[in-house]
Amino acid sequence: MKSLTLTAPGRLEWSTLPEADAPRAGEALVAIRAIGICGTDFSGYQGKMPFIEYPRMLGHELGVEVLAVGDGVTHLHVGDRCSVEPYLNCGHCHACRRGATNCCVTLAVLGVHCDGGMRERMILPAAKLHPCNALSFEQLALVETLGIGCHAVNRAAVSRDDDVLIIGAGPIGLTVLEFARAAGARITVLEMSERRRAFVSENYAGVEVVASLADEACAQIVFDATGHAPSMSRAMHYARFTGKVVFVGITKEPVTIDDPLFHRRELTLLASRNAQSPDFPRILAMIQSGEIDTRPWISHRCEFEALPEQMDAWLKPSSGVIKAVVKV
């Protein structure tokens, strides 16, 4: 079967893989139908993602169809459409025992630490498949992205009493926006791109969108979704006394902390990593009910065969990419 591997920064190469074996107990064979392209994929393509080593088959935002199931699998049936929870955890380390499977000591994220879904078919643990036949494969491919924002908002315990600032209105910032809005918070989005500011204004009534802010406290909870070290350092200046700062984006660069400010305001600094299993059925239900509508997000599409030629084009700011999805 056809597969696409990132062999070095900026180089995607086709190869042919042997067909997957029949699924064993607790497994499922799936056909990849849709792949979301996210910041992790772009960062890996550019050589900026600290967790990706080469060669690596990308693809962790997946909408799939079940082709076969192994013994003991009862929640899936042939033909089911599923979202994939791409976090392969051990189940017995300190973090897993505490329920933080997203922080497993030996965590392997599909398409990051191990090969992902840029192929036609693959075997997956059945427990990592979340079925919802009411949604399209494109919608299912965006569930994992939404999980990032869901978990970040959970980490910060956002409530309707909070003023929230979200720095960065790329796909990850938008997922934070969705769940901060669901929590009833008052939201401001700080985004330099005029195109992205316009997108937020058009699709999120009641959300304040700004291109700049004075370097002073303005929010109880600040989410930085940029993955840009200077922005992450500056995020603390926007947090009010007793406030929280959540790093959702990730960078290879050191992030400087203004320690006197950090102590004086008694801030809480949180990292947010991946998502957790209960987030997936919640998100599927929210999309199905119409509480979340991801359709405006998908600004670019292509067939699997065209992806190598599209990556460089999508990286250009002029492309206007909000979210790109690949059809397999």
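Summary of values
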read-out	value
Whole-number percent relative contact order across the chain, with pairs defined as alpha carbons under 8 Å at least 6 apart	17 percent
Whole-number Å³ per residue for the convex hull built on Cα positions in the stretch 193-328	161 Å³
Shape parameters for the chain, alpha-carbon atoms, Rg then Dmax in Å	19.6, 59
Nearest-0.05 FRET efficiency for K252 and M1, computed from C-beta distance (R0 30 Å)	0.35
Model label zone, C93; criterion: amide N under 11 Å from point 7 Å along Cα-to-beta-carbon; scope the stretch 43-64	none
Reachable lysines from K244, criterion Cα separation under 26 angstrom, eight or more residues apart if same chain	K252
At R0 = 45 Å, FRET efficiency that the Cβ-Cβ distance of E19 and S318 yields, to 0.05	0.65
Sparse-neighbourhood loop sites, trypsin sites (Lys or Arg not before Pro) in the stretch 29-133 - DSSP loop, at most 14 other Cβ within 10 angstrom	R98
Difference of contour (0.36 nm per residue) and Cα-Cα distance, A31 to A229	67.5 nm
The stretch 174-261: Rg to Rh, with Rh as the Kirkwood radius over Cα pairs	0.95
Candidates Y45, Y204, Y238, ranked by Gaussian network fluctuation over the chain, Cα under 10 Å, top entry	Y204
Gain upon complete extension [A205, R264; 0.36 nm per residue less C-alpha separation]	17.7 nm
Sparsely packed trypsin sites (Lys or Arg not before Pro) within the stretch 198-292, loop by DSSP, other Cβ within 10 Å at most 13	K252
Cα centroid of the stretch 231-276 to Cα centroid of the stretch 133-177, whole Å	18 Å
Fully extended contour minus Cα-Cα distance, from S289 to M192, at 0.36 nm per residue	31.7 nm
Length-normalised contact order for the stretch 25-148 - Cα pairs under 8 Å, 6+ apart - percent	38 percent
Cα point-scatterer Debye curve for the stretch 28-186, base-10 log of I(q)/I(0) at q = 0.11, 0.15, 0.18 Å⁻¹	-0.49, -0.90, -1.21
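Bear in mind these aren't lab numbers, they're just calculated from the coordinates by the rules spelled out. Here the structure is a predicted model, which is why all the values come from computation and not from measurement. Don't worry about glycine lacking a Cβ; one is built from the backbone with ideal geometry, like all the others, and counts go over all protein chains shown.
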